[in-house]
Amino acid sequence: MNKKNQLIRKIQALDFAIYEMVLYLDTHPYCAQGLRLLAQYRAERKAAVTEYENTYGKLVLTAADAGNGNRWNWVNDPWPWENEGNE
C-alpha cells in the first residue's frame, strides 16, 4: 500500500475513533480519560490531514476552497483517478 493510501486509511480510522469517543462522551461527559483520548485523536487527525494536504492536495473541498476571482479553479487540479498508478 502506498503512502497516500496509508494516510487516507489513518484519517478514516481516526474519524471512526473520534466518532466513537463522541458517542461515549454523550453518556460519560465527565470522563477525564475519554476527554483526553478525544483530544489526542483530534490532534493526530489534524496532523495526518495536514501531512496529506501538504503532499497530495486538498482532502475535502469546502466553500472556502472556491478561490477568489471569476473562475472556478478546482477543476484544474488532477482528478483522483489521474494520480492512481502514477506514484
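The values are calculated or read from the model by the stated rules, or taken from the named source; none is laboratory data. Not measured: the values here are computed from a predicted model. Cβ placement follows ideal geometry from the backbone for every residue including glycine, while neighbour counts extend to all protein chains displayed.
For the stretch 31-48, the criterion of being modelled with pLDDT of 95 or more and not in a helix (DSSP H, G or I) is met by at least one residue.
Assess whether Leu14 counts as being farther than 28 Å from Glu82 by Cα and assigned to a helix (DSSP H, G or I). So Leu14 fails the test. Give the residues of the stretch 21-30 that are assigned to a helix (DSSP H, G or I) and touching a helix residue (DSSP H, G or I) at 6+ places or on another chain (Cβ under 9 Å), sorted by residue number. Correct list: Met21, Val22, Tyr24, Leu25.
Taking every residue in the stretch 36-61 that is surrounded by 13 or more Cβ atoms within 10 Å (Cβ to Cβ) and pairing it with any residue that is of a type in the set (S, T, N, Q), at least 6 positions away or on another chain, the pairs with Cβ-Cβ distances below 8 Å are Tyr56/Asn83. Restricting Gly57, Gly67 to those that are within 16 Å of Lys4 (Cα to Cα) and modelled with pLDDT under 90 reduces the list to Gly57. Residue check: Trp81 meets all listed conditions (1) in a helix (DSSP H, G or I); (2) at pLDDT 70 or above; (3) surrounded by 10 or more Cβ atoms within 10 Å (Cβ to Cβ); (4) not polar (S, T, N, Q) but one, namely (3).
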